[in-house]
Amino acid sequence: MSTAEELDDVMEEVEYTWPDLEVDVDEDGIARLAVSRPDALNALNAEVVGQIREAIEELAMDDAVSAIVLTGSGDKAFVAGADIAEMADYDPLDARAFSHFGQDMLSAIEACPKVVIAMIQGYALGGGLELALACHLRVASTTAKLGLPEVGLGLIPGFGGTQRLSRIAGPAVAREWILTGEQFSAEEAWRVGVVNRVVEPDALWSETRGLAIKVASRGPVAVQAALETIRRGLEVGQSEGESLEADAFGMMFSTRDMKEGVQAFLEKRKPEFEGR
Ligand code: DAK
């Protein structure tokens, strides 16, 4: 057996193993990444924050993966927030370090070149909602309860919630959600633009997977460029954003995918994208 064959054998045996995550990739390249801390409603401690970051970075580089669905294990919670028990003993320096650690993980999600969709069932509270807000799209079950209850704990959102919720749903909604600390239904979250879709619990996986497959069927380089242009555009003014868009638009004309997409349209057939 050649070294290359041996390496292939080893690669095939590699499985994703993080103790607090369930990770699987289906035949369509849709990865399901579920936070699994059943004793704490999937709350985020420092350990699991690090695991999510590693998993996202590995899935982003895995050619067998075309889109990522991020969720919580079980029916009761997506993620019920940062781990309150762990946080109770933090001093200000610990809290600052945890904040940077969390922000790095959320930035890895936001900058992921493949679409990351939050699939929300049950509670998405505090750091859990902030995790969902860093994903590119959100699909919620009718059973979901979403909110930023931090002010009730004498805290404010620390994983970008004050910034991302304002950008996604506007400052009026962000103020109401953050200042009241209330839990909102999936329907209300959809009405104000916090989630993209609301579906019955038994359709949650098929609807979310269908959305992931749809995005994954588009030109991968174009999807990546669109994600990056939207993300970077939100951080700059309109004219600088338009300049980013023009550069990315121009870059598409150097891709084989663009030529294939246009040719397929003209020949009235489905495009076969290579991601190049
Ligand atoms: N942390 C730790 N454990 C949690 C938890 C959490 N966030 N949420 C639930 N649990 C645990 C409960 O303690 C309980 O454990 P046992 O008593 O069984 O050992 C178990 O999960 C089941 O929960 P409950 O018994 O409470 O279940 P219920 O159905 O009665 O209530 C609930 C469900 C979701 C309404 C309730 O569990 C709840 O209110 N949970 C807390 C929700 C919350 O307040 N979340 C926001 C946390 S604050 C920062 C960055 C970010 C943040 C902070 C700082 N820095 C940068 C420093 C973010 C802060 C937050 O997320």
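Reported count of residues in the range 241-276, each being among the small types (Gly, Ala, Ser), more than 25 Å from the chain's Cα centre (by Cα) and in a loop (DSSP other than H, G, I, E, B), is 1. If only residues of the range 188-245 that are basic (Lys, Arg) and out of contact with any strand residue (DSSP E or B) (no Cβ under 7 Å at 6 or more places or on another chain) are counted, the one that is nearest to CYS135 (Cα to Cα) is ARG231.
Taken over the range 1-23, the criterion of being modelled with pLDDT of 95 or more, surrounded by fewer than 17 Cβ atoms within 10 Å (Cβ to Cβ) and not in a loop (DSSP other than H, G, I, E, B) is satisfied by GLU22 alone. Restricting the search to helices (runs of 4 or more DSSP H) fully inside the range 136-192 and requiring at least 3 residues that are within 27 Å of MET87 (Cα to Cα) and either at pLDDT below 95 or within 16 Å of the ligand (Cβ to nearest atom) (or both) gives 161-169, 171-180. The number of residues in the range 116-133 that are farther than 15 Å from LEU204 by Cβ, of a type in the set (Val, Ile, Thr) and in contact with a Phe, Trp or Tyr (Cβ under 8 Å, 6 or more places away or on another chain) comes to 0. Determine, yes or no, whether ALA203 is on the phi < 0 side of the Ramachandran plot, crowded, with 18+ Cβ neighbours inside 10 Å and in a helix (DSSP H, G or I). No.
Looking only at the range 96-135, how many residues end up being acidic (Asp, Glu) and modelled with pLDDT under 95? Count: 1. Exactly one residue out of VAL223, VAL195 is in contact (Cβ under 8 Å) with a residue 60 or more places away in the chain, touching a Pro at 6+ places or on another chain (Cβ under 9 Å) and away from the ligand (no atom under 15 Å from the Cβ): that is VAL223. Looking across the range 32-42, the residues that are assigned to a loop (DSSP other than H, G, I, E, B) and at negative phi come down to SER36, ARG37.
The values are calculated or read from the model by the stated rules, or taken from the named source; none is laboratory data. In this text, all values refer to a predicted model and were calculated from it rather than measured experimentally. Please note: Cβ atoms are built from the backbone with ideal geometry, for glycine as well, and neighbour counts cover all protein chains shown.
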